1. Of all the residues that make up segment A:36-57, how many are open to solvent by less than 40 Å² (accessible area, probe 1.4 Å), part of a loop (DSSP other than H, G, I, E, B) and either more than 30 Å from residue A:162 (Cα to Cα) or not polar (S, T, N, Q) (or both)?
2. Of all residues in segment A:229-250, how many are under 19 Å from residue A:286 (Cβ atoms) and either among the polar types (S, T, N, Q) or part of a strand (DSSP E or B) (or both)?
3. Condition first: modelled with pLDDT of 95 or more, out of contact with any strand residue (DSSP E or B) (no Cβ under 6 Å at 6 or more places or on another chain) and among the small types (Gly, Ala, Ser). Can you find one or more residues in segment A:115-133 that meet it?
4. For segment A:274-292: of the residues being open to solvent by 10 Å² or more (accessible area, probe 1.4 Å) and among the aliphatic types (A, V, I, L, M), which is modelled with the lowest pLDDT?
5. If you go through segment B:273-313, how many residues are away from every other protein chain (no Cβ under 14 Å) and among the polar types (S, T, N, Q)?
6. Any idea which of A:389, A:400 is open to solvent by less than 20 Å² (accessible area, probe 1.4 Å), without any contact (Cβ under 8 Å) to a residue 12 or more places away in the chain and either more than 7 Å from chain B (Cβ to nearest Cβ) or closer than 25 Å to residue B:420 by Cβ (or both)?
7. Is at least one residue of segment A:13-35 buried (at least 24 other Cβ atoms within 10 Å of the Cβ), within 11 Å of chain B (Cβ to nearest Cβ) and modelled with pLDDT under 95?
8. Does segment B:58-72 hold any residues that are assigned to a helix (DSSP H, G or I) and away from chain A (no Cβ under 11 Å), and which are they?
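The values are calculated or read from the model by the stated rules, or taken from the named source; none is laboratory data. Small disclaimer: the values here were computed from a predicted structure and weren't measured. As a convention, Cβ positions derive from the backbone with ideal geometry for all residues, glycine included, and neighbour counts pool all protein chains shown. The protein model used for the area step is the full one, side chains on, heavy atoms only, and it has no ligands, DNA or RNA in it. Shrake-Rupley method; radii C 1.70, N 1.55, O 1.52, S 1.80 Å.
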There are 2 protein chains.
Amino acid sequence: MARRIIVIGSGAAGMSAASAARKASSDAQITVFTEDEDIAYSPCAIPWGIEGRSGWDEIVMHTPEFYEKERNIKVVTRTRVESVDGDAKTVTADGQTYPYDALVIATGGRVFVPPVPGADLANVFVVRTVRDGKDIQAALKDVDSVVIGGAGVIGLELAVAIREMGKDVTVIEMMDQVIPRIADKDMADEIQEHLESKGIKFVMKAPIQAVNGDGEVSSVTAAGQEYPCGLMIFATGVRANLDIPKALGLDVGQLNALIAAPTLNAYRRGRLVPDVYVAGDLVQCESAVMPGATMSQLGSTAVRQGLVAGNNAAGGEKKLFGPVASPWVSVIGDKQIAGTGLSLGLASWYGIDTATGSASGLTRARYYPGGKELRVKVIADRTTHRIVGAQIIAGEEATGRIDWLTSAIVNGMTAEDFLMRSENAYCPPTSMVRDVVIAAVEDLCRQL
Amino acid sequence: MARRIIVIGSGAAGMSAASAARKASSDAQITVFTEDEDIAYSPCAIPWGIEGRSGWDEIVMHTPEFYEKERNIKVVTRTRVESVDGDAKTVTADGQTYPYDALVIATGGRVFVPPVPGADLANVFVVRTVRDGKDIQAALKDVDSVVIGGAGVIGLELAVAIREMGKDVTVIEMMDQVIPRIADKDMADEIQEHLESKGIKFVMKAPIQAVNGDGEVSSVTAAGQEYPCGLMIFATGVRANLDIPKALGLDVGQLNALIAAPTLNAYRRGRLVPDVYVAGDLVQCESAVMPGATMSQLGSTAVRQGLVAGNNAAGGEKKLFGPVASPWVSVIGDKQIAGTGLSLGLASWYGIDTATGSASGLTRARYYPGGKELRVKVIADRTTHRIVGAQIIAGEEATGRIDWLTSAIVNGMTAEDFLMRSENAYCPPTSMVRDVVIAAVEDLCRQL
């Protein structure tokens, strides 16, 4: 009999898993259950959708009909999985019971909304689904001022998108910097200043205490001050969605996310569960930088995990998911900010003493028109001299440079080794003869 | 007494060496001799200078006066070093004798002009110095049609620049593809078609037999056909300039360039010469991909070698120059082409059996406007599965991606290891959620 594979969740991880399962097995019976109405889109696209830069129909790459017709994958939308029986190997949804041979849990994360009064008022949103994006876009038509709770990359991208629509925008952040945790304060402050120059207001070190209004939000209170607004969006981070895994008794790690084997099998009481796979925002990863756990929660990671989990669930030639450095990039106004590995804050979480090097220059030869500013910061472990992190702010071409540094990190290069063995391709319109990345590592070597 | 350092050559290698020597030693007495009239510029800039996209004054970054005043480095221009006495440790130039404690030879390469009749006619040029560029630019004013001999990257960049100036341009190439040796034919053909669509004509498999004219060039004969033109440029590759090294008896390698230690000391009869350093286009490098020799002859390599040679010549804390993968990139019309490590042709030179993987996609998320086509080809050694080379054609952002792949190559990653452990930063405006580079390596794994 054909292998029955059930995938719960239709985001980057779930749909990648379903497609990889089909690639590995032409006759498997593959069913995806999702509470969402749209599938196979990137939540990272939503700010651009709200601004109207990308159309919703393009953002949603494929429909359930496409999966049915092109890949023989059945996608059941708007349907909550009520329970999973790990012993009987069945999933119950909509009152019906479906047996599985392999289960992929890819229910992702949900936006963490702080438990404050008024969070359920009208015109208060989170931003996770295309439906959220469409609702925000519609509601913005009648609104002049917006408060965004949370200055992470999604919060900042939203702030720019909504500011571009001519609205008054205030970002309220609990920490003392934007992009907390993954960006260092000096890099974050440069981004904040850039956004302030575009008229976006920031309220820092201000936990949100209440959302106020009569039926509909009219202001937000943070650190004792009141900020009037007609619409409020919580972009306050994502927590692993553990309802189903917890009901199944799967092992949860130190970071409150699922522990997984390199094959992406889940564990139960320390034992690998051979027929249950996990992928996406609810998985706790191993760090490629330091021995220990880390959260990745990136679309790129979700896709990579989905491909491994789906392939293995379908009995394909076994694939492994490796430790992660979790490179990220965000386009915020006219600047790109990117990072990889450990920020100074994350490094201190691992107890590492760090040294940093930095350099500034241009993205092109000095004499070639159109070059943009480029600032690179590189972080090493003082004990081993290994490069453990990097951050870049640039007017263009930050992504490839951060991927390059990611490769150096996952390969365990020391700063000195990088300086001796790293090369950059050079052409006046695309780089300086000695790229700023290399100059930053040279500076790092001087600090070690 | 302060250490006396003499540098011969004022290109990327020579001037980097002089500056690094000054950084390593505040009191060294540093003198640079050069036959050139301009110093410290990148020959790669010349096509852009001819087109007028970059000004000659900007291309020449620093003057001798700058070096004298800012770095206390004496630069003697328009002066040929007549001889070097390795035993007495002196250099003779302009009839005067200068003693040295350390010598850096950075005389680079010279354009190879095939020994054909008429190569010395008026309006026949090579392109190596800013003077060449200015002369070509001036001569082009009175000319309608141009022949370029050689379809390497400089030849093609020149072809585009001169075509943009409204001239009729014919490129004549001996081999059956453009960018021979470092690009594979399938990639090269795509670039050639792109240039043909811009009206540039190509004559392939046609060795140049004669340059014809009465005082001034009026046509070029290649493979028995005559091609009329008012100006001709040889862009037929660079050969190591070995006059001084040969007079000194320095060891020359298999590829007819200087053998150097990782410290960039030269050798004489198999023994390291402690007071003579070499850097730039005349150095034979070690390959980072396979055991064996390779030529790099890139501006980026010259700078990296200059920094090591100059530092060590000045007695700084010892630095080493590592083996090279030699990433390169060229902007040719609306396309960027980049490569690293071994092409299929170079792989066969090392006797390697290869497998290739490839993928196509976009430089941005499919739904994000402005994305450009991106094609990635990755080459592995069938025996070890190590990634040994890669090539990219893209509308934008090829450089960072090729630097990323270079890092994978110099770290000895296999295709399978790359697939398990490589990550890309993702944001809709700068990449697909799973970058085309990773998709290409996945295809490569299937071929292995």
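1. Here is the first cut: in segment A:36-57, the residues open to solvent by less than 40 Å² (accessible area, probe 1.4 Å) are A:36, A:38-42, A:44-50, A:54-56.
Okay, now just the ones that are also part of a loop (DSSP other than H, G, I, E, B), so A:36, A:38-42, A:54-55.
Narrowing further to those that are either more than 30 Å from residue A:162 (Cα to Cα) or not polar (S, T, N, Q) (or both): A:36, A:38-41, A:55.
Total satisfying the criteria: 6.
2. Residues that pass the stated criteria total 1.
3. Yes, there is a match, as at least one residue in segment A:115-133 is modelled with pLDDT of 95 or more, out of contact with any strand residue (DSSP E or B) (no Cβ under 6 Å at 6 or more places or on another chain) and among the small types (Gly, Ala, Ser).
4. Ranking the qualifying residues of segment A:274-292, first place goes to A:290.
5. Final tally of qualifying residues: 1.
6. After ruling out the rest, the residue left standing is A:400.
7. No, that holds for no residue.
8. Filtering segment B:58-72 for residues assigned to a helix (DSSP H, G or I) gives B:58-59, B:64-71.
Correct list: B:64, B:65, B:66, B:67, B:68, B:69, B:70, B:71.
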